[in-house]
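A.B. asks: Have a look at this one before I ask anything.
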Amino acid sequence: MEKRGEFAVRLAIIEGCLSLARLGVNQGTAGNISVRWNGGLLITPSGLPYDEMGADDIVFMAMDGSYRHPLAPSSEWRFHRDILASRPEVGAVVHAHPVFCTAFAMCRMEIPAVHYMIAAAGGPTIRCARYESYGTPELSEAALEALEGRACALLANHGMIATGPTLAEALWLAVETETLARQYAAALQIGAPVILDDAEIARTVEKFKDYGLRRRSSRDS
């Protein structure tokens, strides 16, 4: 039963990668996905195109960073591992390089509460983490700081991270985050976007606790 369950998770990771590419949220071999599994994590391998990836190519990694697999895990395994280790409510991590999120990250700009859907991030901003070289412990530390009290964040001159209790929710949040970034970019071209106040976002955050995928997840658990 456990082997069948693991196989299904591996396939879901691959389908998640492919769906991000279809939606234009990711491209090529950029980005990576991990899912909490059996005291460790299942994570996409390094540098393998998603359309060539099979279930056996997904790497199981222990929380100490060790693995037994012919393929190396994603070069960003550290922040995947560290997020899962420090955030027990997180079951999956999605990292991608979508155009608009990455553009704001290049400008080192956070996304403010210009739309109530920012509540899906867990607060009134989507922060931009400081720049650190990819794959380093320093980048992991920066990501954890930007994600404090949040479900997603931008990485300066790099991309974005979205998390969720399930892979479905993390993928959904990745798409919503890129949509919000695209809307904010368009609004900045039109004029001066009006920012919603913190109290309104706090009310929406509470309402989102019973929203869509979260409601279904709590019902099925």
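Coordinate-derived values only; no laboratory data. For clarity, every value in this text was computed on a predicted model and none was experimentally measured. Neighbour counts run over all protein chains shown; Cβ positions are idealised from the backbone, glycine included.
A.B. asks: Can you tell me the mean projection area, over all orientations, of the convex hull of the chain's alpha carbons? Units nm², please.
C.D. replies: If you wrap the Cα atoms of the chain in a convex hull and average its projections, you get 11.9 nm².
A.B. asks: Okay, moving on. Residue 103 versus residue 197, label points 7 Å from Cα toward the beta carbon: distance in nm?
C.D. replies: Those two pseudo-labels are separated by 3.2 nm.
A.B. asks: With point charges of +1 on the Cβ of Lys and Arg and -1 on the Cβ of Asp and Glu, referenced to the Cα centre of the chain, which listed residue (164, 67, 185) lies farthest in the positive direction of the dipole?
C.D. replies: 164
A.B. asks: Another question, if that's okay. Evaluate the relative contact order of the chain (contact order divided by residue number), counting alpha-carbon pairs under 8 angstrom at least 6 apart; express in whole percent.
C.D. replies: Normalised by residue count, the contact order of the chain is 19 percent.
A.B. asks: Now for a different question. Loop-only trypsin sites (Lys or Arg not before Pro) in region 13-101, please: DSSP not H, G, I, E or B, and at most 10 other Cβ atoms within 10 Å.
C.D. replies: Here the sparse-neighbourhood loop sites are 68.
A.B. asks: Can you give the charge dipole size of region 1-116 about its Cα centre, rounded to the nearest 20 debye, using +1 on the beta carbon of Lys and Arg and -1 on the beta carbon of Asp and Glu?
C.D. replies: For this selection, approximately 140 debye.
A.B. asks: Let me ask another. So if each residue of separation counts as 0.36 nm, and I subtract the Cα-Cα distance between residue 185 and residue 75, what length gain in nm does that give?
C.D. replies: 36.6 nm
A.B. asks: Could you check which residue among 65, 31, 40 shows the biggest mean-square fluctuation in a GNM of the chain with a 10 Å Cα cutoff?
C.D. replies: 65
A.B. asks: To the nearest 20 debye, what is the magnitude of the charge dipole of the chain about its Cα centre, counting +1 on the Cβ of each Lys and Arg and -1 on the Cβ of each Asp and Glu?
C.D. replies: About 360 debye.
A.B. asks: Roughly how many nanometres apart are two label points built 7 Å out from the Cα toward the Cβ at residue 117 and residue 18?
C.D. replies: Going from the residue 117 label point to the residue 18 one covers 2.5 nm.
A.B. asks: Looking at the square roots a ≥ b ≥ c of the eigenvalues of the Cα gyration tensor of region 81-137, which shape do they give, rounded for a/c under 1.5, prolate if a/b is larger than b/c, or oblate?
C.D. replies: It comes out oblate by the Cα gyration axes.
A.B. asks: Something else about it: What do you get for the angle between helix 137-146 and the principal long axis of the chain? Use alpha-carbon atoms, 0 to 90 degrees, nearest ten.
C.D. replies: Relative to the chain, helix 137-146 is tipped by roughly 40 degrees.
A.B. asks: With angles folded into 0 to 90 degrees, how steeply does helix 77-86 sit against the dominant principal axis of the chain? Use alpha carbons for both and round to 10.
C.D. replies: Between helix and principal axis, roughly 70 degrees.
A.B. asks: What distance in nm separates the two pseudo spin-label positions at residue 66 and residue 85, each 7 Å out from Cα along the beta-carbon direction?
C.D. replies: It is 1.4 nm.
A.B. asks: Angle check, please: helix 198-208 long axis (alpha carbons) against the longest principal axis of the chain (alpha carbons), in degrees 0 to 90, nearest 10.
C.D. replies: 40
A.B. asks: Compare 95, 158, 69 in a GNM of the chain, Cα atoms joined below 10 Å, and give the one with the largest fluctuation.
C.D. replies: 69
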